[in-house]
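To start, the structure itself, in structure tokens.
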Amino acid sequence: MDLTRRGFFTATGAAFAASMAFELSSQSSALAVEPASDWKLVNTEERTNVCCYCAGGCGSLCSVRDGELINVEGDPDHPVNKGGLCPKGASMFQLRNIVDPKTREVMKNPGRVTKPMVRRPGASEWEPITWDDAVAEIARKVKETRDATFVETEDGLTVNWTPGIASLGGSQQNSEEEYLITKMMRSLGVVAIDNQARV
Ligand code: SF4
């Protein structure tokens, strides 16, 4: 069959038009519109958070429905990452929820620690402890350690420092929380103060 230049454009134009008509029809899954009730984030509230993994301190948006975490993604309004997350940060969702390898359904991460835990001296296992008991024990140990290690003077100079305690903050504390932590540590005489992320 001889195909003229005009015939070629007519044939390819007709094929393109037929292809577009199919894509725009309900036959095509590529452009099929889902009902709003199927949208993953419908009826969710957004809470802002900071990635817990590295010192970068990237911001994230957590979508929550009825107290359940539905999705985690980068916060486009956050000055550090402007919506992006590295692969590790992008997997933050798995701290709380994982995909069941057998059913492929989303399930609660069975390895997630939701209570304070303590491992006593000499013990090999961690045991749960209440928040009240944990705070009381930490306060008692801080007081004991400070009293035992506090140095008032060195070489005739007043130093008032506590070499027995160090403070390391985490990336999920904001500037105001870190300010209060630093203030409390300084009041105890702690000088070894650092933070995983300087957010
Ligand atoms: S998303 Fe990645 S780069 Fe950003 S804070 Fe988390 S681990 Fe660090």
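The values are calculated or read from the model by the stated rules, or taken from the named source; none is laboratory data. Every value quoted in this text rests on a predicted model; they were computed, and no experiment measured them. Here the Cβ positions follow ideal geometry from the backbone for every residue, glycine too, while neighbour counts run over all protein chains shown. When the accessible area is computed, the model is the full protein with side chains, heavy atoms only, and any ligands, DNA or RNA have been set aside. Shrake-Rupley method; radii C 1.70, N 1.55, O 1.52, S 1.80 Å.
For the stretch 73-89, backbone phi angles converted through the Karplus equation (6.51, -1.76, 1.60; θ = phi - 60°) give residue-by-residue couplings of 8, x, 8, x, 8, 7, x, 6, 10, 6, x, x, 9, 6, x, 5, x Hz, Gly and Pro being listed as x. For the listed residue pairs K82/K108; K40/K82; K115/K143; K88/K141; K40/K115; K115/K183, the alpha carbons are over 31 angstrom apart in K88/K141.
Going by accessible surface with a 1.4 Å probe and the largest first, L168, L61, L41 read L168, L41, L61. 3J(HN,Hα) along the stretch 119-125, derived from phi through the Karplus expression 6.51 cos²θ - 1.76 cosθ + 1.60 where θ = phi - 60°, amounts to 10, 5, x, x, 7, 9, 10 Hz, with x in place of Gly and Pro. Sorting the segments 181-187, 54-60, 110-116 by their mean number of nearby beta carbons within 10 angstrom, highest to lowest, gives 54-60, 181-187, 110-116.
Largest first and in whole Å, what are the equivalent-ellipsoid semi-axes of the stretch 150-199 based on the Cα gyration tensor, each being the root of 5 times an eigenvalue?
For the stretch 150-199, the ellipsoid semi-axes come out as 26, 10, 7 Å.
Solvent-accessible area assigned to carbon and sulfur over the stretch 86-199 amounts to 57 percent, based on a 1.4 Å probe.
Among the protein heavy atoms, those of Y179 account for about 140 Å² of accessible surface (1.4 Å probe, every chain in place). Spin-label model, R96/E68: points 7 Å from Cα along the beta carbon direction are separated by 1.2 nm. Of the GluC sites (Glu not before Pro) found in the stretch 108-169, those that fall in a DSSP loop while having at most 11 other beta-carbon atoms within 10 Å are E125. The 3J(HN,Hα) values that the Karplus relation (6.51, -1.76, 1.60; θ = phi - 60°) gives for the stretch 178-192 are, in residue order, 5, 4, 5, 4, 4, 4, 5, 5, 4, 5, 7, x, 6, 10, 8 Hz. Gly and Pro appear as x.
Positive end of the dipole of the stretch 150-199 (Cβ unit charges, origin at the Cα centre): among A192, T162, N174, the Cα lying farthest that way belongs to N174. Around the amide H of C58, modelled in the peptide plane, lie the amide H atoms of C51, all under 5 Å away and 5 or more residues distant in sequence or on another chain.
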